[in-house]
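These notes concern the structure reproduced below.
Just so it is clear, none of the values below were taken in a lab; they were calculated from the coordinates. Worth saying up front: this structure is predicted, and the values here are computed from it rather than measured. Backbone-built Cβ (ideal geometry, glycine too); neighbour counts: all protein chains shown.
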Amino acid sequence: MKPVAFFDIDGTIFRSSLLVELVEALVEEGSFPAEAIFEYADSHERWRNREGTYDEYIADVVDSFVRHIKGVHYGTFADLARKVVRLQSKHVYRYTRDLIQQLRAEGYTTIAISQSPKTILDEFCRQYGFDKVYGRIYEIGPNDCFTGAVTAEDLIQDKSKIVERVYDRSPELSPAASIAVGDTEGDISLLESVARPICFNPNFVLYAHAKEKGWEVVVERKDVIYKL
């Protein structure tokens, strides 16, 4: 039996959001209209001003992406995803980057779960040696253009369902020493599914939940990593 570790990506490993970077690249390239960015500008500003939540902001980014992805050719999309990863892939947190390396050396199977599109996740996660990647999958029509539909959306919305699927399909993996790392309340169901939950740079909702549960909390600020 092999141990397994689950990682959120955006804000947990990557110091930004792959989805946000991808939307901005699609706007710059001309595949998305300029107004796509303005559709989540208000929630982004509320989050920056500490008046709204990160999850509200990202939900608006997802809505904007879904609204405009219809009709975009997959080849254009994949090329831009590779470009974003090429430019951004090293913009990661040291704690989680090193933890991935440590766990892989200890024989862990590492699995990424994110709300970002799977195409860009595959590119990003390949560089860090992930064994399996779960992300949002967008339907492609007969002309290799996106239809705007999301495949298995109910599954990716609840990360604990991904954990169940992993164990169902990989009986060689053991939950006994399982680990998960996340940063917002959207990761709570994931963290509750493992033996060792790690809350990394948590927002307030996740931090309060972690303190109530007695979960491990790790913070990285500048070049300092410490536990609370």
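Over all distinct alpha-carbon pairs, what is the Kirkwood Rh of the chain in angstrom?
Result for the chain stands at 18.2 Å.
Per DSSP H run of at least 4 residues, take -39500 (n - 2.57); add these up for the chain, divide by its residues and hand me the 222 nm value, nearest 500 deg cm²/dmol.
-13500 deg cm²/dmol
With Cβ to Cβ distances under 15 Å as the rule, what net charge do the other residues near ALA210 carry (K, R +1; D, E -1)?
With Lys, Arg at +1 and Asp, Glu at -1, the net is -3.
Counting just the Cα atoms, what span does region 65-106 cover along each of its three principal axes? Round to the nearest Å and put the largest first.
Per principal axis, max minus min of the Cα coordinates gives 44, 19, 16 Å.
Only Lys, Arg, Asp and Glu count, each charged at its Cβ (+1, +1, -1, -1), so figure out the dipole size of the chain about its Cα centre, rounded to 20 debye.
Details: 28 positive and 37 negative charges, 183 e Å.
Magnitude of the dipole: close to 880 debye.
Determine the sum of side-chain charges near MET1: Lys and Arg each +1, Asp and Glu each -1, restricted to other residues whose C-beta is under 14 angstrom from that of MET1.
-1
How would ARG221, ARG104 line up from fewest to most surrounding beta-carbon atoms within 10 angstrom?
ARG221, ARG104
Under 14 Å from the Cβ of TYR226, count the other residues' Cβ atoms, weight Lys and Arg +1, Asp and Glu -1, and hand me the total.
That works out to +1.
Between helix 94-105 and the chain, what is the angle of the helix's C-alpha long axis to the longest principal axis, kept within 0 to 90° and rounded to the nearest 10?
Result, in degrees: 70.
Students often forget the sequence filter, so: which lysines lie under 22 Å Cα-Cα from LYS227 once same-chain residues fewer than 8 apart are removed?
The qualifying lysines are LYS211, LYS213.
Can you sort TYR54, TYR226 from fewest to most other Cβ atoms within 10 Å of each residue's own Cβ?
TYR226, TYR54
Counting other beta carbons within 10 Å of each Cβ, put ILE58, ILE156 in order, fewest first. Before the final figure, lay out each step's value.
Working: ILE58 23, ILE156 19.
With the fewest neighbours first, ILE58, ILE156 line up as ILE156, ILE58.
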